[in-house]
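Only one structure is covered here, and it is reproduced in the block below.
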There are 4 protein chains.
Amino acid sequence: MKYSFKNDYSSIALDEILDKLRECKDEQNIGYGEDTHTEIAKNKIRDKIKSNSDIYFIAGGTITNMIAIGSILKPYEAVIACDSGHINVHETGAIEGLGHKVLYSDNVNGKLTCDGIERIVNAHTDHHMVKPKMVYISNATELGSVYTLSELRALYNCAKKHDLYLYLDGARLASALAASDIKYEDYAKYTDMFYIGGTKCGAYFGEALVINNDELKNEFQYYIKHFGGMIAKGFVTAIPFEVLMDGDRYYNIGKKENECAQYLTQGLKKLGIKFYSESLTNQVFPILPNNILDELYNDYLYEYWVKGEKESVIRFVTSFTTEKKHVDGLIETISRLIKQN
Amino acid sequence: MKYSFKNDYSSIALDEILDKLRECKDEQNIGYGEDTHTEIAKNKIRDKIKSNSDIYFIAGGTITNMIAIGSILKPYEAVIACDSGHINVHETGAIEGLGHKVLYSDNVNGKLTCDGIERIVNAHTDHHMVKPKMVYISNATELGSVYTLSELRALYNCAKKHDLYLYLDGARLASALAASDIKYEDYAKYTDMFYIGGTKCGAYFGEALVINNDELKNEFQYYIKHFGGMIAKGFVTAIPFEVLMDGDRYYNIGKKENECAQYLTQGLKKLGIKFYSESLTNQVFPILPNNILDELYNDYLYEYWVKGEKESVIRFVTSFTTEKKHVDGLIETISRLIKQN
Amino acid sequence: MKYSFKNDYSSIALDEILDKLRECKDEQNIGYGEDTHTEIAKNKIRDKIKSNSDIYFIAGGTITNMIAIGSILKPYEAVIACDSGHINVHETGAIEGLGHKVLYSDNVNGKLTCDGIERIVNAHTDHHMVKPKMVYISNATELGSVYTLSELRALYNCAKKHDLYLYLDGARLASALAASDIKYEDYAKYTDMFYIGGTKCGAYFGEALVINNDELKNEFQYYIKHFGGMIAKGFVTAIPFEVLMDGDRYYNIGKKENECAQYLTQGLKKLGIKFYSESLTNQVFPILPNNILDELYNDYLYEYWVKGEKESVIRFVTSFTTEKKHVDGLIETISRLIKQN
Amino acid sequence: MKYSFKNDYSSIALDEILDKLRECKDEQNIGYGEDTHTEIAKNKIRDKIKSNSDIYFIAGGTITNMIAIGSILKPYEAVIACDSGHINVHETGAIEGLGHKVLYSDNVNGKLTCDGIERIVNAHTDHHMVKPKMVYISNATELGSVYTLSELRALYNCAKKHDLYLYLDGARLASALAASDIKYEDYAKYTDMFYIGGTKCGAYFGEALVINNDELKNEFQYYIKHFGGMIAKGFVTAIPFEVLMDGDRYYNIGKKENECAQYLTQGLKKLGIKFYSESLTNQVFPILPNNILDELYNDYLYEYWVKGEKESVIRFVTSFTTEKKHVDGLIETISRLIKQN
């Protein structure tokens, strides 16, 4: 059987989450997030982020971003991202579908910079242009890099200076937590809104949207329902977070994923392989010769990132199911294929 | 412990579905609906509806309706529903949020009529008004009634005569299947698109959107992603349908729910209680004196439908977990409360 | 030559407006409403309404309604109108195109009532439904009737009681001013926003949108541009209002139109003709036998309102160019045709 | 009195257009573009473009672009422009407001290139990204440059190769016609849709949207009304085109504007002044020392384009009212100011 390094959403969920489902199978719960599991999961998150934020559990990442951005912006307002930002490239125009322009500047190793924000703000000065009103970043980024605490703080201060909201997409927050010095509570302090990813961090699905800024809390459930994100069985979206937020479980998922990814990176570097970005998290982007790629795919699934003429950037992702033995196998296979070709 | 007749989405899922999750827990699957579970679930549905329709699994009912309607209509086109239709009342303007007017006519026992459709079509004749282009119905309806096969056929013919698409919301299709003479294959024949409800029929979440009309199949995944309905772990949405579509399981869920609901209706009628609508399915709408309602809520959860001064319409819903003993308890309690008050 | 009673927008403009254009033809003006004509026209309006409201000149009625409603409502909020309201029927779903539901109740002689508003407000109580947030009325109404001052005040108070904004569409405000006891300054007092119609009141085009409520003034030009309503030559939209707002000219246009329309109504009533609505303004809706309608159209243009089997409602509109002699001719022709048939 | 080189929309209209208004002042016309002036203006355009295209007269440029793009694209489809394109920068997100992403590539002297289009097409390959479906260019461009016939043909062929529609914004088409070898009929041949600008070419307002591709003609008036662009007095929008399309009048406006602009360019070059772009049309972009700019503004209005620390790019625009004497005065003033400072 092939092992997949294609992504971190190929297995159903942590065993503990499936156990919890079975444990609760005879319950009757109130719908639409008014239930006890939701309450418990919210409180566990509030404990971790040390903030009395509002929290909602939503089915997937794109719709979470839509609800967040669509709830913050007025029709003529725009969101600033970096060019490689998920909302700019990989959401089939969902944000524009809500009526908002995504303004973008060049990324630096996958990251948005204060400079980039200010260039955009300074270029948008009157009502013949959109008005930038929020900043979108993700941690970890699309290229596996992470913001440091001082970078996050600087972006937040820059946003506030220009009267912008800061929103952080945490699809892979477990991995970011384990790779950066930004702690849970910093996300509550230095963002106006952010989400804690479930789908890509061991849940069967679900993201926890956290609203820190009081101005943005009002009538939020209207937005969720209007944009199509209200789930009748809210408790089913909450249960994974009830489990993930137990002790250090969520952090440890990221930690283990990152360790496997760094182990892989070291192994490939020893083979002389170069990388497309500097990643500290569970996504790594080696540049491999095209002539081994088809054969490699017979044993290991991966994703193409940038196809080149002689060599290509591909992406390997470790997940909560990845073990060192899988990585060892992958390194050996690549090593063998390189020698053979 | 209180028993809840509040709705049919208060328990997690059928045991068989939870078993299946556990059975598959060590698998790695391709994302975004390209996996084997999705393929199997689609084929089971195709067998049942005897049609080579395109099928997609989507997280919830509102977003499924948004994707269906948003994919069919051009900006200036409108959808016809009855006044009590879910998209008209209970989706927080999600359809209008996509830019489309919902035109509605009076319901007859919860149902849209050909007459109602034609009155609307005839009133919209030029480009100073929206252009009606599709019909929305649900089976079962919001009031628990069901369309018969001859009614569905007549609506479909009426739609085709006026160049309208017919879309059917099957949030409670299990219940409708067991209460009406419309069979699976009729839904493929007499609608352009419909969905088979999971969330309210025993799945932890998920709806199966079925596209019968070839004109509507093209580039459909773009719509799903653009409107925010694309789920990374597609297999998690498909697995419940893999289980539900086994043999007569889905039909039997509806059958059992309906039997409990009819048993409840008969019991309440014997107490002289009148009903707001004629329901053959798992939602029933008795009219109860206000002076017993608070006490009743101590033992059984229900939902208010229409609050009156002396008496109110309330809704009881049976679900896949409801047993006759629960219904017996409910009838007894109401009987006792009526006598006491 | 046929004379047209089809509408009040069939002639280019008042002579005085065309004279003014010629008078200013050698000027250079700043664009986008920053010019002197715009300033003068605004000040003339402010004098009349006795309020320091913000004022913008916009090309046409539908886009003015879009900008007004689109600037007031959040995505999940809705506007309340009566069933016959222009935004509900005759704008090809432009308001829904912005994402907002139009909630409507039955009209009473073309008018929305406090009762109607409250029924809608009371039916929309939670986040599974849209949230009503503004009221739309027009004066004169689509059926030629007008609100009285006490009715307007009552609607305004009702709106405020339920935390709704009141917006008034004044496409035919000249006619309403001359037919009702509501004065210019009352429109500033008892609405949050309204517009003074130009297109249907003697201007070549243009409407003056007046924002009375301070909360709604902020960054308004962004909305105008974003929704497509910003005109480069703002002074061309302002000049008609510079002329119309001179002394009583605007009021007198309405007065003369109404007099012609009432004269027509009296003449037709003497012939035993009945009317579809009670109109005090420049639109009247007689019910005429079908067998004279084709012949009548040879001499006079009119519009069908409701086609019946034996008789139909048609609409006659008087405009700033209508003289009593045109009305005399119309009455005589109808009288003759009735006798002949 | 100051003379304004700020833009080409500071004077009301050509004398001949104002004369025509007065000539027609006693007419009654049918509304909404069903009148004789509209018919005549359309036919004059059809004669010039040698094509039986559908034509609509719309109030302004932004709303024309909205209607064009909004009628062509499905929700998930996107339009390709160059970075400096009007829809990308100067329309306050109006296109995104309709739900569509504007994809852009670097301009080359204000122009979009086939290379730029292909880079974007090749980067958008699946349903996780928007689907590019049309190309937007303007002639003349925002930087005063023009496409040649061979460039237009190449862009059109590139578009067709990739199944994209080509739409051309002709806000300053008079100027482009006089500066490039593209003739009227080429715009009908090598675009799917384009508009002939009125507002910036001597009309009081109005643009003529021309639909060449039969696929795009269907039910177009629904789009116009739905997006807010339907003008009741259609004849008022058509009359300027009835006049402008007489003989070579429209072309000659552009010719004279261009001559004044080139005369200005030559004069400034003699003073050693450099330019930001190579313009052949009525907009020129000299780079002037900041220390003369305030004083210059005392005598001549202009617009800032790029503010620099020591020198800035400003824009001078010639219009249908500009005479050589105005240009002489401007050159002299700049010459004097440079010497003094």
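The values are calculated or read from the model by the stated rules, or taken from the named source; none is laboratory data. This is a predicted model, so every value here is computed, not measured. Quick reminder, even Gly has a Cβ in these numbers, built from the backbone with ideal geometry, and neighbours come from all protein chains shown. All accessible areas refer to the heavy atoms of the entire protein, side chains included, with ligands and DNA or RNA removed. Shrake-Rupley method; radii C 1.70, N 1.55, O 1.52, S 1.80 Å.
Any idea how many residues of the range D:213-226 are touching a residue at least 40 places away in the same chain (Cβ under 8 Å) and not in a loop (DSSP other than H, G, I, E, B)?
Counting residues in the range D:213-226 that are touching a residue at least 40 places away in the same chain (Cβ under 8 Å) and not in a loop (DSSP other than H, G, I, E, B) gives 5.
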Working carefully through the options D:ILE40, D:ILE67, find the one that is surrounded by fewer than 23 Cβ atoms within 10 Å (Cβ to Cβ), aliphatic (A, V, I, L, M) and in a helix (DSSP H, G or I).
D:ILE40
Given (1) among the small types (Gly, Ala, Ser); (2) part of a loop (DSSP other than H, G, I, E, B); (3) away from chain C (no Cβ under 14 Å), D:ALA81 misses just (2)
Please indicate, with yes or no, whether at least one residue in the range B:301-323 is loosely packed, with under 13 Cβ neighbours inside 10 Å and under 13 Å from B:PHE5 (Cα atoms).
yes
Can you pull out the residues in the range C:53-64 that are in a helix (DSSP H, G or I) and touching a residue at least 60 places away in the same chain (Cβ under 8 Å)?
C:GLY61, C:ILE63, C:THR64
Within the range C:4-19, count every residue that is in a loop (DSSP other than H, G, I, E, B) and in contact with a Pro (Cβ under 9 Å, 6 or more places away or on another chain).
2
Could you say which residue among C:TYR9, C:TYR76, C:TYR104 is among the hydroxyl-bearing types (Ser, Thr, Tyr), open to solvent by 10 Å² or more (accessible area, probe 1.4 Å) and more than 12 Å from chain D (Cβ to nearest Cβ)?
C:TYR104
I need the full set of residues from the range D:107-118 which are open to solvent by 10 Å² or more (accessible area, probe 1.4 Å) and either closer than 30 Å to B:HIS100 by Cβ or out of contact with any Leu (no Cβ under 9 Å at 6 or more places or on another chain) (or both), in order please.
D:VAL108, D:ASP115, D:GLU118
List pairs: first in the range D:72-88 and among the aromatic types (Phe, Trp, Tyr), second not in a loop (DSSP other than H, G, I, E, B), Cβ under 7 Å, 6+ apart or cross-chain?
D:TYR76/B:TYR222; D:TYR76/B:TYR223; D:TYR76/B:HIS226; D:TYR76/D:LYS131
Provide a single number: the residues in the range A:122-151 that are of a type in the set (A, V, I, L, M, F, W, C) and touching a strand residue (DSSP E or B) at 6+ places or on another chain (Cβ under 8 Å).
6
Log entry, pairs with first residue in the range C:241-254 being more than 10 Å from C:LYS44 (Cα to Cα) and at pLDDT 95 or above, second being open to solvent by less than 20 Å² (accessible area, probe 1.4 Å) and not in a helix (DSSP H, G or I), beta carbons closer than 6 Å, six or more apart or on different chains, reads C:ILE253/C:GLY202
Identity of the residue in the range B:119-142, among the aliphatic types (A, V, I, L, M), within 18 Å of B:THR62 (Cα to Cα) and away from chain C (no Cβ under 14 Å), that ends up surrounded by the fewest Cβ atoms within 10 Å (Cβ to Cβ)
B:ILE137
Across the range D:216-257, which residue is nearest to the other protein chains (Cβ to nearest Cβ) among those that are farther than 15 Å from D:THR36 by Cβ and of a type in the set (S, T, N, Q)?
D:GLN221
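Residue-by-condition table, conditions (1) under 13 Å from the mean Cα position of the chain (by Cα); (2) open to solvent by 10 Å² or more (accessible area, probe 1.4 Å); (3) β-branched (Val, Ile, Thr):
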{"residue": "A:LYS183", "(1), (2), (3)": "no, yes, no"}
{"residue": "A:TYR187", "(1), (2), (3)": "no, no, no"}
{"residue": "A:GLU207", "(1), (2), (3)": "yes, no, no"}
{"residue": "A:VAL210", "(1), (2), (3)": "no, no, yes"}
Check on D:THR92, among the hydroxyl-bearing types (Ser, Thr, Tyr), open to solvent by 10 Å² or more (accessible area, probe 1.4 Å) and within 14 Å of chain C (Cβ to nearest Cβ):
no
Checking the structure you have, find out if any residue of the range B:267-280 is touching a residue at least 24 places away in the same chain (Cβ under 8 Å), of a type in the set (Ser, Thr, Tyr) and either touching a His at 6+ places or on another chain (Cβ under 8 Å) or open to solvent by less than 70 Å² (accessible area, probe 1.4 Å) (or both).
yes
With (1) touching a residue at least 12 places away in the same chain (Cβ under 8 Å); (2) facing chain D (nearest Cβ under 9 Å); (3) open to solvent by 10 Å² or more (accessible area, probe 1.4 Å); (4) over 21 Å from C:ASP248 (Cα atoms) as the list, and C:GLY33 as the residue in question, which single condition is left unmet?
(2)
Say whether the condition of being more than 14 Å from chain B (Cβ to nearest Cβ), part of a loop (DSSP other than H, G, I, E, B), of a type in the set (A, V, I, L, M, F, W, C) and under 27 Å from C:PHE235 (Cβ atoms) is met by at least one residue in the range C:194-212.
yes
Just checking, which of C:ARG46, C:ARG22 is assigned to a helix (DSSP H, G or I), at the interface with chain D (Cβ under 9 Å from one of its Cβ atoms) and free of Cβ contacts under 8 Å to residues at least 60 places away in the same chain?
C:ARG22
